[in-house]
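These notes are about the structure you will find just below.
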């Protein structure tokens with residue numbers, strides 16, 4: 001039983017390190033010929049390569065990570081990174097936040113719209129003077145290195161978290177994960193696929209039914225050709241299908257708000273699959289860790305295995321996923337972005353005061369169904 005629990009704890013920690021954000025985890029798909037950039041950090045830190053040979057000691061001494069206490073606030077950022085384009089600025093295309101309660105046994109997973117209008121603070125490292133913009137731009141504006149065409153994803157993350165603190169009232173984020181679509185796709189495939197409950201019909205803008213990319217129309221414009229379609233019901237999805245389904249927003253009744261819900265469903269499905277496999281299949285565990293080891297650079301004083309132990313009791317069943325309602329804002333007939341409705345900002349205020357459970361009891365429609 002002890003070995004089974006350790007196996008699950010290892011897998012839980014590695015998966016949570018990716019999707020919930022332990023240390024500063026960067027998962028950026030690189031071409032085989034592209035050298036990995038050294039992580040840029042502003043304080044002493046350690047880089048931990050994760051390999052299948054990593055083990056957990058059976059020593060009777062306190063388990064590494066036993067001293068980690070809650071509450072924790074963690075960030076998951078899906079980056080619109082196009083590695084084939086030199087100097088491409090990373091945009092925070094997806095922003096999910098995970099709040100883990102003081103006992104580290106329960107938590108709340110919620111999303112912020114990528115087009116949320118916020119005050120982005122000045123950031124000297126990037127030569128940015130601050131202003132009111134869409135929150136997705138915090139990542140790109142922070143990534144700029146004055147006098148260079150290169151971009152720093154770590155800088156972008158730093159400005160994004162400062163912006164998140166100013167908007168949410170959460171003073172400190174203990175960790176974050178930054179990844180692109182390819183990084184998550186590799187994780188799903190390493191798990192052998194995941195089971196997801198598709199809650200509405202979704203047509204893909206980006207993929208054909210066989211998974212190949214749809215071409216752009218001649219002269220620009222939208223994509224053309226046959227589309228992959230995801231029908232409602234429980235479906236077994238491989239990596240490209242899971243990511244393709246979760247990234248769609250055009251053509252959905254509620255646009256990006258529907259997409260945010262699908263992102264959270266994807267996170268839950270990955271955790272559920274990892275939990276089922278982690279207790280039984282050591283070979284599968286090794287392949288998952290190997291896949292993440294090739295995709296991630298961990299920066300921080302604590303390893304994912306320490307967090308594995310600390311978060312061993314956090315499961316899909318103990319994570320409440322929350323939808324924060326919002327709507328568009330504009331000026332003179334032009335679209336400026338999104339803003340949360342009072343029910344959404346009320347949840348953030350309650351979370352900071354450790355009253356999230358009571359607030360959701362009074363606002364049950366905010367809790368995702370299913």
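The values are calculated or read from the model by the stated rules, or taken from the named source; none is laboratory data. Bear in mind that the values here come from a model prediction, so they are computed numbers and not experimental data. Here Cβ is always computed from backbone atoms with ideal geometry, including for glycine, and neighbour counts include all displayed protein chains.
Structure notes:
- Flag if residue 270 is crowded, with 17+ Cβ neighbours inside 10 Å, modelled with pLDDT under 90 and outside any helix (DSSP H, G or I): no
- When the stretch 199-218 is filtered for residues that are surrounded by fewer than 17 Cβ atoms within 10 Å (Cβ to Cβ) and assigned to a strand (DSSP E or B), the ones remaining, listed by number, are 203, 213, 216.
- Pair list, Cβ under 6 Å, 6 or more apart: the stretch 328-341 residue on the phi < 0 side of the Ramachandran plot and in contact (Cβ under 8 Å) with a residue 60 or more places away in the chain, other residue surrounded by fewer than 10 Cβ atoms within 10 Å (Cβ to Cβ) and in a strand (DSSP E or B): 336/330
- Of all the listed residues (221, 251, 301, 233), the sole one being modelled with pLDDT of 75 or more, surrounded by fewer than 16 Cβ atoms within 10 Å (Cβ to Cβ), out of contact with any helix residue (DSSP H, G or I) (no Cβ under 7 Å at 6 or more places or on another chain) and more than 21 Å from residue 198 (Cα to Cα) is 221.
- Yes/no for residue 183 being touching a strand residue (DSSP E or B) at 6+ places or on another chain (Cβ under 8 Å) and assigned to a helix (DSSP H, G or I): yes
Listed here are the residues, each with its yes/no results for (1) over 20 Å from the mean Cα position of the chain (by Cα); (2) over 22 Å from residue 323 (Cα atoms); (3) touching a residue at least 60 places away in the same chain (Cβ under 8 Å).
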position	(1), (2), (3)
99	no, no, yes
111	no, no, yes
114	no, no, yes
127	yes, yes, no
139	no, yes, yes
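- Between 164, 98, 160, the distinction of being more than 25 Å from residue 330 (Cβ to Cβ) and either assigned to a helix (DSSP H, G or I) or at pLDDT below 95 (or both) belongs to 98 only.
- In a residue-by-residue description of the stretch 76-89, the property of being surrounded by fewer than 14 Cβ atoms within 10 Å (Cβ to Cβ) and assigned to a strand (DSSP E or B) applies to no position.
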